[in-house]
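A short reminder: the numbers here are calculations on the coordinates, not readings from a lab. The structure presented is a predicted model; accordingly, all values stated were derived computationally and were not measured. Cβ sites come from the backbone with ideal geometry, for glycine too, and all protein chains shown count toward neighbours.
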Amino acid sequence: MIVLSNATPLINLSAIGYLDLLRTLFGTIIIPEAVYQEVVVDGQGRPGATEVGNASWIMRQSVTDQRAVQQLMNGTRLKRGEIEVIILATERQPDYLILDDLAARRYALKNQLPVIGTVGVVLAAKAQHLIASVKQPLDALIAAGKYIHSDVYNEALRRAGE
């Protein structure tokens, strides 16, 4: 299974102590260099920096098509990490891209890339009986200052039967 992740899901899951769900669900996670830079280097001292930096199951990979990265940098308002995840997805044909940013998700979906977000990861973890509840981690995310739209929150609870 090939799974690529942007920075925000790694940071958010680390902030609530759930980063390891990604390893349990997907095995190896691949991140582009811009995501590593954002989380581990620029994010030093913040949630995710140590966890991602020390996770042997999170692999860094450089984007081959730097021209495509530059074109998206000039043609969209997406951040570099999001762009590198999307371009790497066109190079690797992943099973999932883990993206939370709405604009990045829309762009990826428009280009027929398989997207899941942090809430989707939590739902998948409950479906595989890795966690007892989706409410607890979603509430923890909100308590940590992460935004989850009320419609997304309520739909996640509904899908989880909570």
Can you tally the net charge around residue 81? Count Lys and Arg as +1, Asp and Glu as -1, for every other residue whose Cβ sits under 11 Å from the Cβ of residue 81.
-4
Provide, for q = 0.21, 0.29 Å⁻¹, the log10 of I(q)/I(0) from a solvent-free Debye sum over equal Cα point scatterers in the stretch 43-105.
-0.99, -1.23
Whole-number percent relative contact order across the chain, with pairs defined as alpha carbons under 8 Å at least 6 apart:
26
Percent of Cα-Cα pairs more than 15 Å apart in the stretch 1-52, please.
39
Just order 21-33, 59-71 by mean Cβ neighbour count inside 10 Å, highest at the front, would you?
21-33, 59-71
If you take every DSSP beta bridge whose two residues both sit in the chain, what share of them, in percent to the nearest 5, is antiparallel?
0
Within the chain: Cβ-based charge dipole about Cα centre, in debye rounded to nearest 20 (Lys, Arg +1; Asp, Glu -1)
220
For the stretch 3-160, the convex hull over Cα atoms projects on average to an area in nm² of 8.8
Scan the stretch 92-162 for chymotrypsin sites (Phe, Trp or Tyr not before Pro) in coil per DSSP, keeping those whose Cβ has at most 14 other Cβ atoms within 10 Å, and list them by number.
147
When the Cα centres of the stretch 10-34 and the stretch 79-142 are compared, how far apart do they sit, in Å?
10
Rank-order 87-95, 7-15 by packing density, defined as the average count of other C-beta atoms within 10 Å over each peptide's residues, highest first.
7-15, 87-95
